[in-house]
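The numbers here are math on the coordinates, done by the rules we state, and not lab data. Just so it is clear, the model here is predicted, and its values are computed rather than measured. Using ideal geometry, Cβ is built from the backbone for each residue, glycine included, and neighbour counts are taken over all protein chains shown.
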Amino acid sequence: MTQITTNSSNQDKIRFYNVIVAGAGNGGLVAAATLARKGVKVLLLEQHNLPGGFASSFVRGRFEFETSLHELCSMGTSDEKEGVRRIFEDQLNIEASFIQVPEAYRVIIPEEELDVIIPFGVQEFTDAVEKAVPGSKKSVKNFWQLVEDIHNAIIYVGRSQGKVDRIEMLRNHANFIKTGGYAVDEVLDALKMPLKAQRIVTAYWCYLGIPTSRLSFTIFAGMLRTYIKGGGWVPRYRSHGFTTALDKRIRELGGEIEYNTRIEKILVKDGKITGVGTSKGEIIRTNHVIANISPTAVYNKIIYPQTEVPEIAYKLVNARTHGITLLVVYLGLDKSAEELGITDYSYFIYNKGSSDALYEEGTKELTKSHPAQATVCLNKAIPDCSPPGTSILYITTLFRPETWANVKVEDYFDLKTELATQLIDDFEQATNITIRNSIEEIEVATPITFAHYTKVYNGVIYGYENDVWDSVVNRLQSMNHEKYIDGLEFCGGFAEQGHGYSSSLDSGRLAALVTLQKLIESEEIGEIRK
Amino acid sequence: MRINIKGNIRDILKFTKLIPERIERIQNASSDKITSDPINELAFKLHPDTQHLMISDIFNETKSTKTFKLVPDLDSNTRHVAYFRAGQYLSLKVDVIKGKDTYRITRPYSISSSPFEALKGFYEITIKKTEGGFLSEFAWQNWKVGTKIEASDPQGFFYYDPIRDKPSIIGLGGGSGITPFRSMAREITSGKMNANLTLFYGSSDEEDIIFFEEFSALAKNYPEKLKIINVLSCEIVTLAGCLEGFITADIIQTYADVNESSIFICGPQAMYNFLKTEIDSLNLPTKRIRQEMFGEIKNITQCEGFPLDKAENIYTIKVKMGKQYLEVPANATETVLVALERAKLAPPSRCRSGECGWCRSRLISGDIFISPESDGRRIADKKFGYFHPCSSYPISNLEIEVPTEF
Ligand SMILES: Cc1cc2nc3c(=O)[nH]c(=O)nc-3n(C[C@H](O)[C@H](O)[C@H](O)COP(=O)(O)OP(=O)(O)OC[C@H]3O[C@@H](n4cnc5c(N)ncnc54)[C@H](O)[C@@H]3O)c2cc1C
Ligand code: FES
């Protein structure tokens with residue numbers, strides 16, 4: 001056996017990086033790429049053997065399934081780019097293409113005899129709601145006016161990086177301020193929007209995972225605007241396509257990535273980051289960690305020693321509500337969408353009208369009916385995402401994580417089957433489409449699956465809930481006061497901007513820029529790349 | 001438009017109170033630590049990183065087959081064996097000692113005991129000794145009661161799914177490929193799995209039939225749930241009820257209703273090749289046929305498209321693995337994974353069939369040959385130069401980056 005070691009392993013030498021990014025989810029990947037692009041010596045560590053976290057894909061038989069994405073917002077168009085497209089195309093220049101999905105959604109609420117297809121475009125949206133609920137037009141138009149006002153204000157707040165000028169806000173962004181303290185329902189009621197129209201307008205609530213009676217209006221408005229004006233987009237080759245492109249870019253820019261490496265400890269001394277300890281038994285030095293891990297896990301488990309965590313950090317975590325988690329049924333069907341009669345890309349099927357009632361159901365017993373589902377037929381956006389004559393459909397429903405806490409291992413597989421069966425039945429009933437006898441591949445991912453692959457706290461997919469008091473706007477305004485460890489930033493779904501692809505991608509950029517600023521201020525780095 | 005929600009002053013006041021309210025809420029919140037994470041605890045029970053097991057019993061099945069009973073190694077932190085679905089496999093991680101050298105390799109083995117027995121605290125695996133087999137020969141010589149074995153969590157997708165599959169299962173097994181069917185048979189006959197199984201089991205000789213007594217007895221006691229049809233390829237057949245020859249479409253159709261069944265196939269590579277034409281002639285949709293992986297392709301030179309002129313070549317692979325940079329030799333007819341294991345690198349792997357993606361590595365430069373049937377890569381991985389070393393053969397010098405074991 002000839003085996004030449006060309007470069008001895010140097011196990012003993014302690015490595016140092018300007019920044020260590022913990023976790024290669026959407027946030028961590030963008031953070032690492034942004035820093036690498038600035039010439040910062042950055043190391044990205046990921047416990048799984050793939051980039052992406054939730055943003056991934058997997059293969060079963062002749063199908064490659066998207067793990068989590070329904071549609072990516074904040075892309076805008078090539079002419080009118082929005083945040084995510086600017087990150088991908090202008091700032092990072094990654095090799096990934098995206099395809100616009102055909103319509104915003106079809107919402108079906110049998111109980112209220114609603115079945116409406118909502119197209120993209122503000123005018124088209126307004127017309128579709130008016131057609132379904134005659135007389136709603138005025139309120140919907142006023143709603144869009146508000147949404148626009150709020151958008152302008154959010155841009156201002158975003159740019160202020162935690163330093164908002166109150167006078168300027170009052171003068172130029174009054175509607176933002178006046179709605180800022182309210183939940184979606186309160187504002188739509190004030191607009192005198194008919195209840196039925198509200199159901200249609202708020203159908204995306206399940207992407208935010210909190211009922212409209214509590215959901216911050218500001219946040220809902222921001223999200224709806226980017227979808228309806230900029231469209232919903234999906235990556236050409238599943239999420240694994242763009243996360244692998246990010247991985248490639250990080251390396252090209254001089255960043256380093258190591259997979260199968262879990263950060264077990266974030267080392268802190270006198271309130272300052274000093275390094276990390278990995279599952280490989282290595283200590284790596286750094287003064288800056290960007291955690292694509294929840295503050296819940298970081299403060300309660302990972303910071304070492306735990307005496308370095310101030311009491312207020314636990315309070316912050318405990319004051320907030322952890323978001324919901326999901327169950328997804330992935331189906332590889334042996335007929336095309338056309339043969340099956342699947343006409344739409346995205347279905348919201350709600351067996352009850354009120355989001356409160358639907359959310360409540362998600363906190364009850366697991367085997368009870370789960371009346372909210374968001375279902376996507378990927379071929380309606382990417383016709384060749386599966387072989388000719390086949391199609392991919394995935395059905396998603398929401399749960400409070402607590403519901404899964406007492407599941408017994410011996411019941412787990414049967415439970416998956418039971419829940420999947422019911423979701424498939426619900427889909428068939430609501431749409432009159434039969435899929436049951438065309439199933440060639442089926443996989444069911446549960447909160448346990450998500451915890452297994454990403455190690456996320458309690459299987460939570462949706463970060464912290466966007467209650468009015470804990471909305472993204474309030475978090476961004478408070479972010480400078482809510483940092484308890486010097487050198488520690490968060491990105492990803494649990495960071496200030498909240499969950500969802502676009503938010504977590506952008507959170508990586510923000511965390512990288514804040515860290516960069518600190519590196520410059522502390523003179524840890526000199527010249528930076530433009 | 002200027003909106004009023006509850007009145008101008010109230011609205012502004014509500015807004016200006018948001019941050020003070022936030023501060024107050026945080027101040028008033030509990031400062032208790034969160035110490036439990038029930039969902040990750042459950043995930044870890046189902047999918048432990050490593051299962052530390054110990055051989056508690058060994059049964060001789062045939063002259064070339066043994067069953068090893070595995071229980072938690074109580075010297076480790078493994079307290080129970082992970083639950084699974086009948087048909088899944090374990091990837092064993094073994095230090096094979098040859099002379100002075102130790103090679104850390106993996107091998108996949110279907111669990112031959114049933115899920116309900118895992119709840120009682122054990123697995124069984126049944127290994128057929130292969131001529132020149134690297135692990136099986138080592139195991140034969142060295143594995144005793146008390147030997148410790150590392151295993152992955154249960155893996156693979158060769159299991160009955162009540163939503164997808166017909167509850168009438170036709171099993172086509174060959175040689176050691178009976179193992180997942182034994183797991184299913186036990187689960188079915190104990191009433192834990194709501195399906196019935198008709199197993200066509202091919203062996204080369206009467207003496208080579210694995211689990212003959214067990215299947216005969218189960219079939220006798222549960223005629224509604226289990227049928228076994230032994231098919232023997234030897235010259236003389238003396239055992240009652242056994243058929244001569246190979247498993248053919250005709251035989252299958254004689255004993256089972258193929259149109260109302262799901263077919264599950266598990267056996268050696270040669271059996272798949274033979275069965276392909278037989279199964280094709282049944283004209284069934286893809287969803288009715290599920291096939292277990294068969295591991296590395298042994299005679300890669302017989303694969304269509306393999307460059308035969310390169311078969312004798314030995315190439316050099318430059319490997320970056322963690323902080324190490326190494327150069328290792330590689331035969332064109334052995335997988336990149338085997339070359340790495342021969343060089344004692346112990347990269348991650350599980351299925352060794354191209355399917356699970358656990359060995360996913362980066363091809364920086366050079367050419368590899370992958371048989372289409374064992375190319376389980378994601379589309380983007382193909383585009384961005386990632387490959388699965390377990391199903392890739394070097395056909396030039398290579399430069400690769402391999403992840404270290406978790
Ligand atoms: C999903 C699945 C389930 C399976 N279930 C079963 C089962 O239930 N029962 C069963 O008996 N089998 C099962 N198998 C097959 C099993 O995994 C093994 O392939 C089989 O036991 C043969 O292993 P072996 O090491 O004895 O022989 P081989 O794998 O054929 O050993 C020779 C191999 O070792 C390599 N090698 C030689 N020297 C070295 C060295 N120094 N370092 C590293 N590598 C070297 C050679 O290149 C060659 O590839 C299953 C396979 C799969 C994929
Ligand atoms: S080990 Fe499973 S794909 Fe290589």
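General remarks:
- In a DSSP loop and with at most 10 other Cβ atoms within 10 Å, the GluC sites (Glu not before Pro) in segment A:298-397 are A:Glu365.
- Residue of B:Glu124, B:Glu244, B:Glu296 that the Gaussian network model of chain B assigns the largest fluctuation, springs spanning Cα pairs under 10 Å: B:Glu244
- Averaged over A:452-464, number of beta-carbon atoms from partner chains that fall within 10 Å: 3
- Per-residue mean of C-beta atoms belonging to partner chains within 10 Å, peptide B:15-24: 6
- Long pairs among A:Lys380/B:Lys382; A:Lys416/B:Lys166; A:Lys137/A:Lys229, criterion Cα-Cα beyond 20 Å: A:Lys380/B:Lys382
- Beta bridge orientation in the protein assembly as shown: antiparallel %, DSSP, nearest 5: 65
- Comparing B:Asp153, B:Asp73, B:Asp37 in a Gaussian network model of chain B where C-alpha atoms under 10 Å apart are linked, the largest mean-square fluctuation is found at B:Asp37.
- Sequence-ordered 3J(HN,Hα) estimates for segment A:310-320 from the Karplus curve with 6.51, -1.76 and 1.60 and θ = phi - 60° stand at x, 3, 4, 5, 5, 4, 4, 4, 6, 5, 8 Hz, glycine and proline given as x.
- Members of A:Lys196/A:Lys364; B:Lys120/B:Lys287; A:Lys315/A:Lys352 lying beyond 29 Å, as alpha-carbon distances in this model show: B:Lys120/B:Lys287; A:Lys315/A:Lys352
- Relative to the longest principal axis of the Cα atoms of chain A, the long axis of helix A:501-521 makes an angle of roughly 30 degrees.
- Positive-end extreme of charge dipole, the protein assembly as shown - chosen from A:Leu50, A:Ser471, A:Pro310 (charges on Cβ): A:Pro310
- Sorted fewest first by neighbouring Cβ atoms within 10 angstrom, A:His452, B:His47 come out as B:His47, A:His452.
- For chain B, built as a Gaussian network whose Cα springs stay under 10 Å, the top-fluctuating residue of B:Ser261, B:Ser136, B:Ser31: B:Ser31
- Net charge of neighbours whose Cβ lies under 9 Å from the Cβ of A:Phe98, counting Lys and Arg as +1 and Asp and Glu as -1: +2
- Cleavage-rule hits, GluC sites (Glu not before Pro), segment A:110-154, DSSP coil, Cβ neighbours within 10 Å at most 14: A:Glu113
- Averaged over B:380-391, number of beta-carbon atoms from partner chains that fall within 10 Å: 4
- Sequence-separation-based contact order of segment B:304-402, relative, with Cα cut under 8 Å and 6+ spacing, percent: 36
- For the protein assembly as shown, the C-alpha radius of gyration divided by 2.2 N^0.38 Å, with N the number of residues, is 0.98.
- Long-range amide H partners of A:Ile266 with built H, under 5 Å: A:Gly277, A:Ile303, A:Tyr304
- Neighbourhood charge, 15 Å Cβ-Cβ cut-off, centred on B:Lys128 and excluding it, Lys, Arg +1 and Asp, Glu -1: -2
- Amide hydrogen neighbours beyond the local backbone of B:Ser112, cut-off 5 Å, H modeled: B:Glu124, B:Ile125, B:Thr126
- Taking every C-alpha pair closer than 8 Å and separated by at least 6 residues, the mean separation divided by the residue count of segment B:168-291 gives a relative contact order of 31 percent.
- Three principal axis extents describe the C-alpha atoms of segment B:74-190; from largest down they are 52, 35, 21 Å.
- In this simple spin-label approximation, A:Lys131 and B:Asn4 carry label points 7 Å from Cα along the Cα→Cβ vector, and these lie 3.7 nm apart.
- Assuming charge only on the beta carbon of Lys and Arg (+1) and of Asp and Glu (-1), the dipole of the protein assembly as shown about its Cα centre is about 2580 debye to the nearest 20.
- Taking the longest Cα principal axis of chain B as reference, the axis of helix B:212-221 is set at about 70 degrees.
- The C-alpha atoms of chain A define a longest principal axis, and helix A:137-160 lies at about 0 degrees to it.
- Rg and Dmax [Cα atoms of segment A:324-457; Å; Rg one decimal, Dmax integer]: 15.0, 42
- Only Cα sites of segment B:145-261 enter the Debye sum here, all with the same form factor; the resulting log10 I(q)/I(0) across q = 0.15 1/Å is -0.71, listed in q order.
- When chain B is described by a simple charge dipole with +1 on each Lys and Arg Cβ and -1 on each Asp and Glu Cβ, the residue from B:Phe274, B:Leu74, B:Pro180 located farthest towards its positive end is B:Leu74.
- Amide H to amide H, with H built 1.01 Å from N, A:Leu326 comes under 5 Å of A:Phe399, A:Ile461, counting only residues 5 or more places away or on other chains.
- Members of B:Lys227/B:Lys276; A:Lys408/B:Lys69; A:Lys13/A:Lys248; A:Lys455/B:Lys66 lying beyond 29 Å, as alpha-carbon distances in this model show: A:Lys455/B:Lys66
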